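Data block below; observations after.
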Amino acid sequence: MAVSVQQSKGSKKERSRPVAAVFIIIGGLISLVLLIGLSISYGAADIDLATVWTAVFQFNPDATAHQIIQELRLPRVLGAALVGICFAVSGALMQGMTRNPLADSGLLGLNAGAAFVLAICFAFFPGLPYMYQILYSFLGAALGAGLVYGVGAVAKGGLTPMRLILAGAAVSALLTALSEGIAIYYRIGQDLAFWYAGGLSGTKWEHLQIMTPWIAVALIGALLLSKSITMLSFGEEVAIGLGQRTGVTKFFGAIIILILAGAAVSVVGAVGFVGLIIPHVTRFLVGSDYRWIIPCSAILGALLVVVADFAARMVNPPYETPIGALIAFIGVPFFLYLARKGGREL
Amino acid sequence: MPVLTVDDIEVGYANNTIIDGLSVTIPEKKITTILGPNGCGKSTLLKSVARVLKIERGAVLLDGQSMKKLPTKEIAKKMAILPQSAEAPSGLTIFDLVSYGRFPHQRGFGSLKKEDLQAIHWAIDVTGLSELKERPIEALSGGQRQRVWIAMALAQDTEILILDEPTTYLDMAHQLDILLLLKKLNEEEGKTIVMVLHDLNHASRFSHYMIAMKDGAIVTEGAPETVMTCGNLQQVFNIQATLAACPFSQNPICLSYQLTKETECLQQTAAHS
């Protein structure tokens, strides 16, 4: 190391945009809290923000407004935020690990797999506690992913992004058809209907209590892996050359993805595109370092789903517009845009 | 003790064995070039040394120890690898990418310490990227990007540098530029450099040691004068070469060549006479 170091000049400029990332994390959290407040206050019965505040922090079980908030609206909006975090972070991890810009738990069959196994649960084990449902949901996500990679790998020429997407579409269509078949045959259509459309109206405290620890552990894991994910996004050979145990990274990465996607599907159903859109937007804003992409994706994902859920209730009241349809409304054009670009930039 | 030894290895993809029973010793603090026709197994050899491919039999020894038994991070402190088609995602600056070269020296989440910063700045300086270090990678030319990857490998601060076709896809001036940089790193920093090159003349001009491969085996190895002969080139590439001496290194270079196999070998030593 013969050359002397000029540490002082411009050592901030030479790195990619952590300032933007910090701004997104802080600004995003503030917006998220405000949006959650707004989302709670508007609905079939409008409740003013002051009441929202007291309902959350000085709960009075005798007040109807407080009960609506505590029993219906608060768990629902928190569920929306968690689901957004899950889908967005799982999408970011998938895109980084596979260097596939079109990776998303919806497009690669994880969501359909989880929904399929949950349909089986509803049909054969009605009344299965949510604590177990979520485990089956993880299993289903693994099944979906396994089928998609299996189908994709059989084809000659390896797993190109487009081939995986095609395999994902085929496997998703099959699993969705099977789920619907099960729903019709066992007359559980009512239970399942909200899922294919995607909906958060059934979210209860019980769900949040069970899913939150899973999600928390998965998120911590994702942050611990984030540096390794960035290295994998340079290519596996580079990561190996730098001394990364890529097998370990991929193994834990895959488990985290399955937990996040499975947990989200178990609450909201097979909602796609959050995991596709958010990581791309985040990457555009904060650059390619997954140490920033993962936390920023989490916050932006939560914002997107909270807004979408809010919109789902406000578009055509008192009816709910399916949240899956709303997100697909922006997700599909975005997908077409990425597919057209060929996803070169990852 | 030799720094890097390949001991009777067998490697392949799936059921297709590419290399069977290859042994070679890489000389320390020298530039070694592996050459051979397409599909001869040179990249396979490099990838087995780089532990990207699993070795079925035999071992690669680093400082006398089997690499299988060494933690991969320890190997990465001694040996840096530049893959053939390294492609950085957009949105990273040169500094960002080069800083990942410090990964084997870091623990935990990886905040950069003083010696890390020192190594990064040195790597950026020595590769001539100081002026550009705030630029995003996607704004660089092909030759500059290749320099960034080399800088990342240098930031790793290893004795050994392995490069798979570092000059491919670059124009003539940039090819030379990269090779001169590697020569400088070898001479001034004492790096052991192993690379695959397609250009015979570059290989001869810049190498101390050459390894010629065909069909997964080594045909000949040694100093450029012993490897770059008409007979060897005939055997390895099926070409009829006309040789001359390089005016810069005095090593043999291939003036021109044809595919006919019968004609006599015309060795020109014009520059010598």
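The values are calculated or read from the model by the stated rules, or taken from the named source; none is laboratory data. Owing to the predicted nature of the structure, the values given are computational and were not obtained by experimental measurement. Note: ideal-geometry Cβ built from the backbone for every residue, glycine included; neighbour counts use all protein chains shown. When the accessible area is computed, the model is the full protein with side chains, heavy atoms only, and any ligands, DNA or RNA have been set aside. Shrake-Rupley method; radii C 1.70, N 1.55, O 1.52, S 1.80 Å.
A:Phe87 - would you say it is part of a helix (DSSP H, G or I), touching an Asp or Glu at 6+ places or on another chain (Cβ under 9 Å) and either aromatic (Phe, Trp, Tyr) or open to solvent by 30 Å² or more (accessible area, probe 1.4 Å) (or both)? In short, yes. Could you tell me whether the stretch B:86-95 includes any residue that is assigned to a loop (DSSP other than H, G, I, E, B) and open to solvent by 50 Å² or more (accessible area, probe 1.4 Å)? Scanning the stretch B:86-95, I find at least one residue that is assigned to a loop (DSSP other than H, G, I, E, B) and open to solvent by 50 Å² or more (accessible area, probe 1.4 Å), so the answer is yes. A single entry from A:Ala218, A:Ala193 fulfils the requirement of being of a type in the set (A, V, I, L, M), at pLDDT below 80 and either in a helix (DSSP H, G or I) or farther than 18 Å from A:Phe122 by Cβ (or both): A:Ala193. Annotation: B:Gln118 fulfils all but one of (1) open to solvent by 10 Å² or more (accessible area, probe 1.4 Å); (2) under 22 Å from the mean Cα position of the chain (by Cα); (3) not hydroxyl-bearing (Ser, Thr, Tyr); the unmet one is (2).
Could you check the stretch A:275-289 and list, in sequence order, the residues that are open to solvent by less than 10 Å² (accessible area, probe 1.4 Å), under 17 Å from A:Asp104 (Cα atoms) and at the interface with chain B (Cβ under 10 Å from one of its Cβ atoms)? Residues satisfying the conditions do not exist here.
Looking at the stretch B:48-77 only, could you name the residues that are open to solvent by 60 Å² or more (accessible area, probe 1.4 Å), within 12 Å of chain A (Cβ to nearest Cβ) and touching a residue at least 40 places away in the same chain (Cβ under 8 Å)?
If we filter the stretch B:48-77 for residues that are open to solvent by 60 Å² or more (accessible area, probe 1.4 Å), which is where we start, we get B:54, B:56-57, B:65, B:68-69, B:71, B:73-74, B:77.
From what is left, the residues that are within 12 Å of chain A (Cβ to nearest Cβ) are B:54, B:71, B:73-74, B:77.
The answer is B:Lys54, B:Lys77.
All conditions in (1) in a helix (DSSP H, G or I); (2) closer than 30 Å to A:Thr160 by Cα hold for A:Asn100, with the sole exception of (1).
Among the listed residues B:Gln235, B:Gln240, identify the single one that is more than 18 Å from B:Val196 (Cα to Cα) and crowded, with 17+ Cβ neighbours inside 10 Å. Talk me through it step by step, then tell me what you get.
On the way: B:Gln235 fails: crowded, with 17+ Cβ neighbours inside 10 Å.
Checking each option against the conditions leaves just B:Gln240.
When only residues in the stretch B:70-85 that are in a loop (DSSP other than H, G, I, E, B) and under 20 Å from B:Leu170 (Cβ atoms) count, which is farthest from the chain's Cα centre (by Cα)?
Taking the stretch B:70-85 first, the residues in a loop (DSSP other than H, G, I, E, B) are B:70-71, B:83-85.
Those still in the list that are under 20 Å from B:Leu170 (Cβ atoms) too: B:83-85.
Numbers: B:Pro83: 9, B:Gln84: 10, B:Ser85: 13 Å.
Checking each candidate, the answer is B:Ser85.
Taking the criterion of being more than 26 Å from B:Arg145 (Cα to Cα) and assigned to a loop (DSSP other than H, G, I, E, B), the residues of the stretch B:45-69 that qualify are B:Lys54, B:Asp63, B:Gly64. How many residues are at pLDDT 85 or above and facing chain A (nearest Cβ under 7 Å) when one looks only at the stretch B:102-125? Counting residues in the stretch B:102-125 that are at pLDDT 85 or above and facing chain A (nearest Cβ under 7 Å) gives 8. Total residues in the stretch B:131-169 satisfying the condition of being facing chain A (nearest Cβ under 9 Å), in a helix (DSSP H, G or I) and open to solvent by 40 Å² or more (accessible area, probe 1.4 Å): the figure is 1.
For the residues A:Thr212, A:Thr249, the requirement of being more than 27 Å from B:Ser90 (Cβ to Cβ) and at pLDDT 90 or above singles out A:Thr212.
For every residue, the table says whether it meets (1) out of contact with any Leu (no Cβ under 9 Å at 6 or more places or on another chain); (2) of a type in the set (A, V, I, L, M, F, W, C).
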{"position": "B:Leu45", "(1), (2)": "no, yes"}
{"position": "B:Lys54", "(1), (2)": "yes, no"}
{"position": "B:Val60", "(1), (2)": "no, yes"}
{"position": "B:Leu70", "(1), (2)": "no, yes"}
{"position": "B:Ala76", "(1), (2)": "no, yes"}
{"position": "B:Gly91", "(1), (2)": "yes, no"}
{"position": "B:Ile94", "(1), (2)": "no, yes"}
{"position": "B:Leu97", "(1), (2)": "yes, yes"}
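Quick grid of which residues meet (1) at positive phi; (2) of a type in the set (Lys, Arg); (3) in contact with a Cys (Cβ under 7 Å, 6 or more places away or on another chain):
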residue: A:Cys121; (1), (2), (3): no, no, no
residue: A:Leu128; (1), (2), (3): no, no, yes
residue: A:Gln133; (1), (2), (3): no, no, yes
residue: A:Gly140; (1), (2), (3): no, no, no
residue: A:Gly144; (1), (2), (3): no, no, no
residue: A:Arg163; (1), (2), (3): no, yes, no
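Kindly indicate whether any position in the stretch A:257-267 is in a helix (DSSP H, G or I), away from every other protein chain (no Cβ under 12 Å) and either without any contact (Cβ under 8 Å) to a residue 12 or more places away in the chain or not hydrophobic (A, V, I, L, M, F, W, C) (or both). Among the residues of the stretch A:257-267, at least one is in a helix (DSSP H, G or I), away from every other protein chain (no Cβ under 12 Å) and either without any contact (Cβ under 8 Å) to a residue 12 or more places away in the chain or not hydrophobic (A, V, I, L, M, F, W, C) (or both), which makes the answer yes. Among the residues of the stretch B:218-232, the one identified as assigned to a strand (DSSP E or B), aliphatic (A, V, I, L, M) and under 17 Å from the mean Cα position of the chain (by Cα) is B:Ile218. Of the residues A:Tyr319, A:Tyr337, the single one that is aromatic (Phe, Trp, Tyr) and assigned to a loop (DSSP other than H, G, I, E, B) is A:Tyr319. Restricting attention to the stretch B:96-109, the residues that are surrounded by fewer than 22 Cβ atoms within 10 Å (Cβ to Cβ) and touching a residue at least 40 places away in the same chain (Cβ under 8 Å) add up to 1.
In the set B:His198, B:His202, only one residue is in a helix (DSSP H, G or I) and either within 16 Å of B:Leu179 (Cα to Cα) or touching a Cys at 6+ places or on another chain (Cβ under 7 Å) (or both); that residue is B:His202.
The set of residues from the stretch B:110-128 being of a type in the set (A, V, I, L, M, F, W, C), closer than 18 Å to B:Ile150 by Cβ and without any contact (Cβ under 8 Å) to a residue 24 or more places away in the chain is empty. When the residues of the stretch A:241-255 are filtered to those that are surrounded by fewer than 24 Cβ atoms within 10 Å (Cβ to Cβ) and hydrophobic (A, V, I, L, M, F, W, C), the one that is nearest to A:Leu135 (Cα to Cα) is A:Ile255.
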